[in-house]
Amino acid sequence: MIRSLYTRIVVIFLVSVVAGTLLSFFMVTWAFREQLNDNLQIPLVQFGQDVARLYETFPADQAEAYVREMNQLASYRIRIYKAVDRYQLYGAPDDSRTVYASSEQVERVLHGEQIRINSKGVTIELIGIPFQIEGQPRAMFIEPVGSTSVSFAAKWLLNFALYALLSGSLVILVASFFLIRPIKQLTQATKHIAEGDFNVQLDIRQKGELGTLARSFVEMSRDLRRLEEMRRDFVSNVSHEVQSPLTSISGYALALKQRNLTQEQRDRYLDIIAAEAKRISRMSDSLLKLSQLESQPQLLRRSEFGLDEQIRRVVIALEPQWSAKQITFELELPEEHLTGDPDQLGQVWTNIIGNAIKFSPDGGEIAIRLTPGEHDLQVSITDQGIGIAPEDRERVFERFFMADRSRSRKYEGSGLGLAIVRQIVSLHGGQVSVEGEPGAGTTFTVTLPRIPPNSILS
Ligand code: ADP
């Protein structure tokens, strides 16, 4: 029970308030004990002196008659001692709380000493005043009956503290409930997330720290949901992409078992099996590359090289593909140098130019333009191919995305090339974007800083 934050807050509050109130009460009483004693003593002494004066002014029997009629006897009890064991009582009769002076104290007062007896802290219990009746020494002991104004004040203070404590506890009970509610909600939400339910709704309107915590929590759960969706998509994409070539491999392998096949059919089936196996192998290479780029970006090497030269080399390396389709190139590549990982950036141009060739019609033209900026270099690759639908433009960089799957089958590919491009470009501190309309060609633009930020490449 005590483990709950709510109980803890309430208990801590109560303990601190009770302890604080008691401590301050005793400290104040201790600090003011002298003043309190004096305040208590003054009316008692004054009353005693009045009584003594009466006895000194009037004859004894007359004075006694006066004293018996005095109003103050309602609040004081007077004992006048002639000797240690002989006294006359005035005022309220003795009760269980009556305090008697000891013989020694009576003796002291009879010898002319004024004494004060307060055995219990600040409250005066008895005061002894010496005086004379007809020249004979007497000891008068005055005792307050009922509560004095000072003890009343103390009681009032204690009551006040008690009521303050009660009402404070009530307020803290309610306040803690509202204070703890968002934390309870957050705990509940954490449990949901731990169980795999990322759809977290929090009704926390607080501003302050708890509000910020709640908002960050909702954002975090949204990110987690997105990650989880990505993970699921990834797994299903991988299995789907692996499944289809495997199905055709096993189908054609079974077909090969037939005896009555012509050599031509046999060769065709074997070609298909080899092509599908190559597709799986390419895909696993790409996946490996992507995961390496994501998990070990520090493996990128940094060196300065001629970018124009590199792009030209990539175009030459792709010659078999473009010459088969009679594609021509228009190159605008001024001499420019760049710092980065040449192998990885070579992969960028291979993927983009490879796509441009793949999606271009026979006899099309591809323009590659290098535009130098003050701090960066921009490379744009424009083809006259099938173009990209506006809704697909951002998605082409996602893993396994292929704009039109049935048509893309015709073009071959795994949908990983541009994901690798984006990863490499962003590791170099650059950006890649795409423009174009369906049927009107496509332009990919890569912007790279001349020198990537130090933290990115080693
Ligand atoms: P793929 O291996 O399928 O080429 P990419 O990641 O390189 O994978 O490309 C993803 C998709 O983006 C392609 O399947 C294609 O639909 C689209 N795409 C990429 N480049 C072009 C382009 N030059 N013209 C038209 N569509 C393109």
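The values are calculated or read from the model by the stated rules, or taken from the named source; none is laboratory data. Keep in mind it's a predicted model, so treat the numbers as computed, not measured. Cβ placement follows ideal geometry from the backbone for every residue including glycine, while neighbour counts extend to all protein chains displayed.
For region 150-157, indicate whether the set of residues that are closer than 30 Å to Thr21 by Cβ and at pLDDT 80 or above is non-empty. Talk me through it step by step, then tell me what you get.
The initial filter retains those residues of region 150-157 that are closer than 30 Å to Thr21 by Cβ, namely 150-157.
Checking which are at pLDDT 80 or above leaves us with 156.
For region 150-157, residues closer than 30 Å to Thr21 by Cβ and at pLDDT 80 or above: present.
Of the residues that make up region 113-128, is at least one on the phi > 0 side of the Ramachandran plot, touching a Pro at 6+ places or on another chain (Cβ under 7 Å) and surrounded by fewer than 16 Cβ atoms within 10 Å (Cβ to Cβ)?
Taking region 113-128 as the starting set, the residues that turn out to be on the phi > 0 side of the Ramachandran plot are 121.
Narrowing further to those that are touching a Pro at 6+ places or on another chain (Cβ under 7 Å): none.
No: region 113-128 contains no residue that is on the phi > 0 side of the Ramachandran plot, touching a Pro at 6+ places or on another chain (Cβ under 7 Å) and surrounded by fewer than 16 Cβ atoms within 10 Å (Cβ to Cβ).
Here's the yes/no breakdown for (1) within 26 Å of Arg369 (Cα to Cα); (2) in contact (Cβ under 8 Å) with a residue 60 or more places away in the chain:
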| residue | (1), (2) |
| --- | --- |
| Gln265 | no, no |
| Glu276 | no, no |
| Met283 | no, yes |
| Glu309 | yes, no |
| Val315 | yes, no |
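Of all residues in region 1-10, those that are surrounded by 12 or more Cβ atoms within 10 Å (Cβ to Cβ) and free of Cβ contacts under 8 Å to residues at least 60 places away in the same chain total 2. With respect to Leu213, determine if the residue is of a type outside the set (Ser, Thr, Tyr), over 27 Å from Leu227 (Cβ atoms) and either modelled with pLDDT under 85 or surrounded by 13 or more Cβ atoms within 10 Å (Cβ to Cβ) (or both). No, not satisfied. For region 346-374, residues that are in contact with a Phe, Trp or Tyr (Cβ under 9 Å, 6 or more places away or on another chain) and of a type in the set (D, E, K, R) total 2.
Applying the selection to region 423-445, what residues are assigned to a strand (DSSP E or B) and within 13 Å of the ligand (Cβ to nearest atom)? Give the steps one after another, and end with the answer.
Initial filter on region 423-445 (assigned to a strand (DSSP E or B)): 431-436, 442-445.
Those that are assigned to a strand (DSSP E or B) and within 13 Å of the ligand (Cβ to nearest atom): Val432, Ser433, Val434, Glu435, Gly436, Thr442, Thr443, Phe444, Thr445.
Which residue is nearest to the ligand (Cβ to nearest atom), if the candidates are limited to region 374-409 and must be in a helix (DSSP H, G or I) and modelled with pLDDT of 85 or more?
Val396
Among the residues of region 350-372, the ones that are in contact (Cβ under 8 Å) with a residue 60 or more places away in the chain and either more than 9 Å from the ligand (Cβ to nearest atom) or within 13 Å of Leu307 (Cβ to Cβ) (or both) come to 1 in all.
Residue count for region 56-96, restricted to those that are part of a helix (DSSP H, G or I), in contact with a Leu (Cβ under 8 Å, 6 or more places away or on another chain) and crowded, with 16+ Cβ neighbours inside 10 Å: 2.
Would region 410-422 turn up any residue that is more than 7 Å from the ligand (Cβ to nearest atom), modelled with pLDDT of 85 or more and in contact with an Asp or Glu (Cβ under 6 Å, 6 or more places away or on another chain)? So far as region 410-422 goes, no, none of its residues is more than 7 Å from the ligand (Cβ to nearest atom), modelled with pLDDT of 85 or more and in contact with an Asp or Glu (Cβ under 6 Å, 6 or more places away or on another chain).
Look through Asp50, Asp85 and report the one residue that is among the acidic types (Asp, Glu) and touching a residue at least 12 places away in the same chain (Cβ under 8 Å). After applying the criteria, what remains is Asp85.
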